[in-house]
Amino acid sequence: MLCTACSGNQSAVEIELSDGPEISFVDVGGSGASAIKVNDWSFNYYEAGSHAALSHADSPAMARLLVFQGQGWRPDRPGEFQNFYRKLMVESSLRYQGEKRTSNESKAAQMIKTAYYSYMVTGSESEGLRILRQGLPRSWLPFSNKISSDIRKAVINFNPVKSIK
């Protein structure tokens, strides 16, 4: 549970942490304003189609930010912290390029993560779809449109913040 006091108003929220009890505060954009970094596990045990599924070990956890606005916390929006997500997108892409012998599932997970961050940078599916089509293993390519659509849905529906009244 996180309690926040702002201008005499107090609020309490519960933040769903699927991956453990720890959260971290980060300064994005050098403004001194903190955001809470959490993980989005929307693609845990993800199944794109026949013979295209991820185990928990291969499932990507994407970093997301919760920002304080008005009197409460909310998930960040695509395009809001472009530099933060661009850096994560590049790191994800470089990690994929540096891996020589990995399973198709690990490669697919890395491409999903890279495309997810691309969506957070641009708010558009087109660049992420290009990333998926260029990097997914051959057996996953028929599902690239579905994966892209699932990324969009995951970003839009992500909200681990529940108000406690």
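General observations
- What the Cβ-Cβ distance of Lys162 and Asn83 gives, at R0 = 25 Å and to the nearest 0.05, is a FRET efficiency of 0.30.
- Net +/- balance of residues flanking Ala35 in space, Cβ distance below 9 Å, scoring K and R +1, D and E -1: -1
- Arg138 versus Ser55: modelled label distance in nm, points set 7 Å from Cα along the beta carbon direction: 2.3
- In order along segment 68-76, the phi-based Karplus estimate (6.51 cos²θ - 1.76 cosθ + 1.60, θ = phi - 60°) of 3J(HN,Hα) comes to 8, 9, x, 10, x, 9, 8, x, 5 Hz; Gly and Pro are listed as x.
- Label-point separation, Arg95 to Asn44 (7 Å along Cα→Cβ), nm: 1.7
- For segment 125-137, Karplus couplings with θ = phi - 60° (6.51, -1.76, 1.60), whole Hz, Gly/Pro x: 7, 4, 5, x, 5, 4, 4, 4, 5, 7, x, 5, x
- Linear extension gain, Lys146 paired with Thr102, 0.36 nm per residue minus alpha-carbon span: 13.5 nm
- In Hz, Karplus ³J(HN,Hα) per residue of segment 149-161 (6.51, -1.76, 1.60; θ = phi - 60°; x = Gly, Pro): 5, 5, 5, 4, 4, 4, 5, 5, 8, 5, 6, x, 8
A short reminder: the numbers here are calculations on the coordinates, not readings from a lab. Everything numeric here is computed off the predicted structure, so don't read it as measured data. As a convention, Cβ positions derive from the backbone with ideal geometry for all residues, glycine included, and neighbour counts pool all protein chains shown.
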